[in-house]
Amino acid sequence: MSYRKFKADQLFNGINMLGNDEVLVTNTDGEVISIVNKKDAGDDVEILNGIITPGFVNTHCHLELSHMKVLIPEKTGLVDFVYKVINERFFAEEEILSAIDTAEKEMIKHGIVAVGDICNNTLSLPQKMNNNLAYYNFVEASGWLPAVAQARSQRSKNLYDEFLKEIPATSIVPHAPYSVSDDLWKYLIPFFENKTISIHNQEAPFEDELFLQGTGDFVRMYRMMNIDNSFFSPSKKSSLQTYFHKLSRAASVIFVHNTFTSQTDIDFITANKTVGQQLCFCLCPNANLYIENALPPVEMLIKNNCSITLGTDSIASNWNLNILNEMKALQQHFTFLQLEKLLQWATLNGAIALQMDNTFGSFEKGKKPGVVLIENIEDGKLNKESTSKRIL
Ligand SMILES: [Zn+2]
């Protein structure tokens with residue numbers, strides 16, 4: 001058997017940052033054989049400058065919106081952003097397919113190996129069937145009016161069946177607390193069993209306001225969309241505390257954004273979670289800066305030992321699909337963050353959240369997680385010039 005052997009300034013194994021004495025040994029297909037000390041590595045070691053890490057896992061993306069790059073202005077706030085996405089997403093099919101291809105190439109180039117991807121149609125399916133990247137497909141259901149619940153759940157089920165035929169890693173997920181009625185939730189819950197479920201969570205301050213008081217910017221959104229909101233009575237609890245129990249059957253839950261999640265919310269879900277359930281918080285800092293000019297409560301999540309993952313969101317709400325850039329944004333705004341921690345979020349935590357840690361996330365024997373090189377790091381910190389690329 002022939003091998004590839006890699007040694008750089010540092011080797012991140014998915015959990016810890018190892019020193020420069022360690023050599024990663026894989027076969028030529030990228031399957032991990034071992035990590036050995038350089039004195040035992042023999043000949044033909046490839047010497048590189050930078051950090052070697054397993055491939056990145058992007059736990060929140062919307063590949064099907066890739067044609068909307070720079071279409072929506074920055075910092076409009078969530079309501080106007082969502083309204084524009086709904087009304088401006090329709091393009092010629094070939095334009096959308098070509099944008100999906102370009103977006104996937106960008107992800108691969110910068111070291112992403114697996115993606116949790118939101119699906120509202122089948123446009124991304126042909127690309128995914130090329131198996132260039134591993135995908136967990138989140139078929140999204142939404143519908144705020146109770147009267148449309150059955151039709152919307154049937155639509156999602158049909159889409160789910162089409163994805164499931166080709167890619168077993170597929171689930172039906174609620175779009176967001178403010179867009180899924182209790183009636184629609186009832187149809188969705190039976191599909192959560194053993195799946196990874198994602199949900200856009202507390203992306204704006206007025207999400208809690210809706211559930212606590214029945215007021216705020218989402219009420220304006222319903223009016224803009226001619227949705228009669230008169231059926232709705234607020235739970236008088238925060239958004240997350242209102243819907244959390246509905247996710248009890250899921251094996252893994254990815255809460256996406258969490259920009260306005262509070263300590264009380266974390267206390268609540270810690271006390272009420274299903275035994276053995278994997279809960280994680282996907283941060284998409286660049287999308288938060290793009291849409292709301294806000295950032296998630298990183299210190300609070302760390303203090304509570306929450307499992308954190310990273311996502312790019314769609315290119316409609318980000319400047320690019322590059323996990324290293326999400327790490328850069330976090331380190332720039334939260335200067336105490338060590339690269340080792342950010343890399344854990346970008347690799348193994350994401351793989352576990354997507355139930356793909358048999359293959360991805362760490363350099364453990366038998367896994368094939370991709371080999372990525374991060375270059376141009378100064379004093380252990382990322383800077384504007386830092387780049388990442390897939391090398392195997
Ligand atoms: Zn999203």
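Numbers below:
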item: Helices (runs of 4 or more DSSP H) fully within segment 278-337 counting 1 or more residues that are within 13 Å of the ligand (Cβ to nearest atom) and open to solvent by less than 10 Å² (accessible area, probe 1.4 Å); result: 285-291
item: Selection count, segment 23-36, where residues are of a type outside the set (V, I, T) and open to solvent by less than 50 Å² (accessible area, probe 1.4 Å); result: 4
item: Per-region count, segment 235-277, residues open to solvent by less than 30 Å² (accessible area, probe 1.4 Å) and of a type in the set (V, I, T); result: 8
item: All positions within segment 125-144 that are crowded, with 16+ Cβ neighbours inside 10 Å and either among the aliphatic types (A, V, I, L, M) or assigned to a loop (DSSP other than H, G, I, E, B) (or both); result: L125, L133, A134, V139, A141, S142, W144
item: For E93: the one exception among (1) open to solvent by 30 Å² or more (accessible area, probe 1.4 Å); (2) modelled with pLDDT of 95 or more; result: (2)
item: All positions within segment 211-227 that are open to solvent by 20 Å² or more (accessible area, probe 1.4 Å) and in a helix (DSSP H, G or I); result: L212, Q213, D217, V219, R220, R223, M224
item: N58 vs. criteria within 30 Å of G19 (Cβ to Cβ), open to solvent by less than 60 Å² (accessible area, probe 1.4 Å), modelled with pLDDT of 95 or more and within 16 Å of the ligand (Cβ to nearest atom); result: yes
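Yes/no per residue for (1) free of Cβ contacts under 8 Å to residues at least 40 places away in the same chain; (2) within 17 Å of C61 (Cα to Cα):
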| residue | (1), (2) |
| --- | --- |
| M221 | no, no |
| F244 | yes, no |
| L247 | no, no |
| Q263 | no, no |
| I308 | no, yes |
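The values are calculated or read from the model by the stated rules, or taken from the named source; none is laboratory data. Quantities reported herein were computed from a predicted structural model and do not represent experimental measurements. For neighbour counting, all protein chains shown are included, and Cβ atoms are generated from backbone atoms with ideal geometry for every residue, glycine included. Side chains included, ligands, DNA and RNA excluded: accessible areas come from the protein's heavy atoms. Shrake-Rupley method; radii C 1.70, N 1.55, O 1.52, S 1.80 Å.
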